[in-house]
1. Using the count of nearby Cβ atoms within 10 Å as a rough guide to exposure, how do 361, 241 rank from fewest to most?
2. Sketch the reach of a paramagnetic label on residue 75 as a point 7 Å from Cα along Cα-to-Cβ, and name the residues of the stretch 104-141 whose backbone nitrogen lies under 18 Å away.
3. What percent of all Cα-Cα pairs in the stretch 1-114 falls into each 10 Å bin, going from 0 up to the bin containing the maximum distance?
4. Could you work out the relative contact order of the stretch 181-381? I mean the mean sequence separation of Cα pairs under 8 Å and 6+ apart, divided by the number of residues, in percent.
5. Please give the residues of the stretch 110-134, grouped as numeric ranges, whose backbone N is less than 14 Å from a label point set 7 Å along the Cα-to-Cβ vector of residue 87.
6. What is the helix-to-structure angle for 261-273, meaning the angle in degrees between its Cα long axis and the longest Cα principal axis of the chain, kept from 0 to 90 and rounded to the nearest 10?
7. Going by alpha carbons, how many degrees (0 to 90, nearest 10) lie between the helix axis of 207-229 and the longest principal axis of the chain?
8. With a cut-off of 8 Å between alpha carbons and a minimum separation of six or more residues, what is the relative contact order of the chain in percent?
Ligand code: NZQ
Ligand code: ZN
């Protein structure tokens, strides 16, 4: 196992009715910027609960943070925050609202062009942030990272800074009952792929991390389809929500090699073609596994055996079967796994690869050997 430092300070309030905990988490007298997306929180009772819990605080509401949050929108939020002299940010929504709010938290304390914070300048201060999660997927609710989209640059720009761990996260599974099927599928696929990217590399003498990861994958496979079939099954939603948080709160990645190629190539597909984050992952992960079959052989066989219970056949047949089961699972969650299903073809490959090079994404994967030519082959496999 490699050396590691594990730090996760986010306090989790999990379960039904936990939005009430906001009042004890946000310091009395705070001036709170409440951020949200396009309006789902007004249709599912979440906003009423937040407003109720925050009686007595000065609230300033900023709505309209879009999926794949846009830099220009977030800059407007920073202006509102400053005009209203807010000193605490409460993000209410999915990964986009939380990521966007992390950016607002650091941009509010930055003198100079906020774009610098996405292009190499490290934030040294950030406002405190809490969140009420309404979509189980990204893990943003208890990690220090985020991704902001910049339309003019045609880029999704990731950032990470320990200052950006949310102080607390409220996870009430009931808030996810109102998710449309597309977002249920997206959430399960995103959490699944986060787990795979920290697991399916090469053996690293880390059996506990392997079994944590396999536990998450098996639970997502069992519970995901149930959420599509019975959207108001509380137990299922609770299990999915906790899986998604654990898939990217840092724990399963401790001391092991990681391969984020699927995510990083996927970001370019979203930036250029507007696909949902999880759609890009469903397209790319099977192609990455197929392309990297030799480098990942030992772990692919372990994945086939322990996650899909595939014991029959020679090694290559077992690997083929495991990749096929992965594809079937994503498709069963309503997330298509081919570029063609999104009306994209051969013509997208060169521009995506050019953007990867422009963003210096030229040495991806656990061995840093996924170069632009390999990325092009991965995209070709995904046609
Ligand atoms: O905007 P509203 O009206 O709220 O609707 C949203 C949005 O349209 C809707 N939604 C959310 N909760 C709902 C709901 N609809 C009904 N009922 C509810 N309870 O769902 C739509 C998608 O929301 P979004 O926040 O975009 O989805 P998600 O949580 O999948 O976040 C995706 C973003 O997170 C980034 C992605 O790149 C993408 O920008 N990621 C962040 C990560 C991190 N911080 O660690 C890691 C991930 O890999 C990912 O890259
Ligand atoms: Zn993701």
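Bear in mind that the values in this text are calculations on the coordinates, not laboratory data. Small disclaimer: the values here were computed from a predicted structure and weren't measured. Here the Cβ is made from the backbone with ideal geometry for all residues, glycine too, and neighbour counts use every protein chain on show.
1. Details: 361 20, 241 24.
The order, fewest Cβ neighbours first, is 361, 241.
2. 104-121
3. Binned Cα distances yield the sequence 13, 42, 33, 10, 3.
4. Numbers: 255 pairs, mean separation 54.8, N = 201.
About 27 percent, as a whole number.
5. Answer for the stretch 110-134: 127-129.
6. 60 degrees
7. So the inclination is approximately 70 degrees.
8. Working: 717 pairs, mean separation 60.2, N = 383.
Relative contact order here is 16 percent.
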